[in-house]
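Undergrad: This is the structure I want to talk about, given as structure tokens.
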Amino acid sequence: WLRNPMSAAGPLDSWFHERESAWLYRRVAACEPDPRRQALFESLAAAAERQAERWERGITSVPPFSPTVRARIVASLLRLVGPRSLKSALAAMKLRGLSVYDVATLPGHEMPTSVEQIGLRHKSVSGGNLRAAVFGVNDGLVSNTSLILGVAGAGAGVDFILTGGVAGLLAGALSMAAGEYVSVRSQREMYEYQIGLERAELDEYPEEEAEELALIYNARGLPLERARELSQQLIAHPANALEALAREELGLNPADLGSPWGAAVSSFVAFALGAALPLLPLLLRVSPEWALAAVAIVSGCALFAIGLAISLFTGRSAWRSGLRMLAIGAGAGLATWLIGRLLGVAIA
């Protein structure tokens, strides 16, 4: 039932998918305090039930419906944390109307009034990559500084500390790169799967898709008749309709999905740059008695600078942000040094 309903999977899988979607829509509606959103999900549930009835016509024997374990878990979490917090999980199960939980759709947001305006307010923020790079450098700096101090605390020599630091840089950077690749690849695969289903449904029953889109725009504040007029205009342009349906029904923004390899490389480079900073005194062959102090000084200055950079994204005081980052890094470094010290004494 996770496959494309228009593929060789057959009407039984498609019937089950629509029935489960309707079941989940009603649970989302039950947890939604906003009347307009509640009405939207009730309408989407009714639409999914109508689609299930259409699939039933091609099934000789319709089995009793029972939601999957995954759907039951999501339904239980809905009661605990609410629909907004589970937007990604709901999107993965191909529930529509999730764009009503976007920040841009809060009360007071100006609705599009023509086809040309669809998607104009969904552009990605260009500062996202810079922000990710800053935090990647920070991760590398804190983790490798802590590793170096922990090994030093155990009483290891400078050469051994340097070897451990280089190993920590490579291991951490490769781990971050692998994690980013898997994360972005999984996001893209989910989008490709969801958009494939949406394309098939748009080809099979465009009028129903137009009505669902109109209900979403209505829930976001557009008068129902104007919403229907707008959705009909949109469906008449297939090149734009699919993208708008992905944004408005599934809450997916194609512009937010980058290249898996690009994400992996940038993550590797950012982490490696941060992890290389505490290695500089060791690579420059600072005298052994001053090596640890030099690592602490270089790392402390870098941590403070990163705190200043982070303040650009938080809007908080630059000095406070820098000192807070310095304190966090110092605490992590001190803790690992003490643990290394204890382990060194115990092993000795």
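The values are calculated or read from the model by the stated rules, or taken from the named source; none is laboratory data. This is a predicted model, so every value here is computed, not measured. Don't worry about glycine lacking a Cβ; one is built from the backbone with ideal geometry, like all the others, and counts go over all protein chains shown. When the accessible area is computed, the model is the full protein with side chains, heavy atoms only, and any ligands, DNA or RNA have been set aside. Shrake-Rupley method; radii C 1.70, N 1.55, O 1.52, S 1.80 Å.
Undergrad: List the number of the failed condition for A276; all other conditions in (1) outside any helix (DSSP H, G or I); (2) under 32 Å from the mean Cα position of the chain (by Cα) hold.
TA: Every listed condition holds for A276 apart from (1).
Undergrad: Working only within the range 38-67, note down all residues that are among the aromatic types (F, W, Y) and over 32 Å from the mean Cα position of the chain (by Cα). Show your work before the answer.
TA: So in the range 38-67, the residues among the aromatic types (F, W, Y) come out as 41, 55, 65.
Of everything in the range 38-67, just one residue is among the aromatic types (F, W, Y) and over 32 Å from the mean Cα position of the chain (by Cα), namely W55.
Undergrad: Among the residues of the range 89-99, is there at least one that is of a type in the set (D, E, K, R), crowded, with 20+ Cβ neighbours inside 10 Å and under 28 Å from the mean Cα position of the chain (by Cα)?
TA: yes
Undergrad: Okay, next question. Could you check how many residues of the range 18-75 are open to solvent by less than 70 Å² (accessible area, probe 1.4 Å) and of a type in the set (D, E, K, R)?
TA: 7
Undergrad: Separate question: With a cut-off of at least 2 residues that are in contact with a Leu (Cβ under 8 Å, 6 or more places away or on another chain) and hydroxyl-bearing (S, T, Y), name the helices (runs of 4 or more DSSP H) lying wholly within the range 1-93.
TA: Values: elements: 11-31, 35-56, 69-81, 87-92.
By residue number, 11-31.
Undergrad: Condition test on S124, is it modelled with pLDDT under 50 and touching an Asp or Glu at 6+ places or on another chain (Cβ under 9 Å)?
TA: yes
Undergrad: Take the range 11-66 and flag every residue that is touching an Asp or Glu at 6+ places or on another chain (Cβ under 6 Å) and closer than 19 Å to L78 by Cα.
TA: Of everything in the range 11-66, those that are touching an Asp or Glu at 6+ places or on another chain (Cβ under 6 Å) and closer than 19 Å to L78 by Cα turn out to be A22, A29, Q38.
Undergrad: Another question, if that's okay. Would you confirm whether any residue within the range 147-159 is out of contact with any strand residue (DSSP E or B) (no Cβ under 8 Å at 6 or more places or on another chain), among the acidic types (D, E), under 19 Å from G329 (Cα atoms) and open to solvent by 60 Å² or more (accessible area, probe 1.4 Å)? Talk me through it step by step, then tell me what you get.
TA: So in the range 147-159, the residues out of contact with any strand residue (DSSP E or B) (no Cβ under 8 Å at 6 or more places or on another chain) come out as 147-159.
In the following step, the residues that additionally are among the acidic types (D, E) were identified as 159.
From what is left, the residues that are under 19 Å from G329 (Cα atoms) are none.
Looking for residues that are out of contact with any strand residue (DSSP E or B) (no Cβ under 8 Å at 6 or more places or on another chain), among the acidic types (D, E), under 19 Å from G329 (Cα atoms) and open to solvent by 60 Å² or more (accessible area, probe 1.4 Å), one finds none in the range 147-159, hence no.
Undergrad: What's the number of the condition R316 fails, among (1) of a type outside the set (A, V, I, L, M); (2) in a loop (DSSP other than H, G, I, E, B); (3) modelled with pLDDT of 85 or more?
TA: Condition (3) is where R316 drops out.
Undergrad: Further question: For residues that are charged (D, E, K, R) and in a helix (DSSP H, G or I), scanning just the range 224-271, find the one that is modelled with the lowest pLDDT.
TA: Across the range 224-271, the extreme among qualifying residues is D256.
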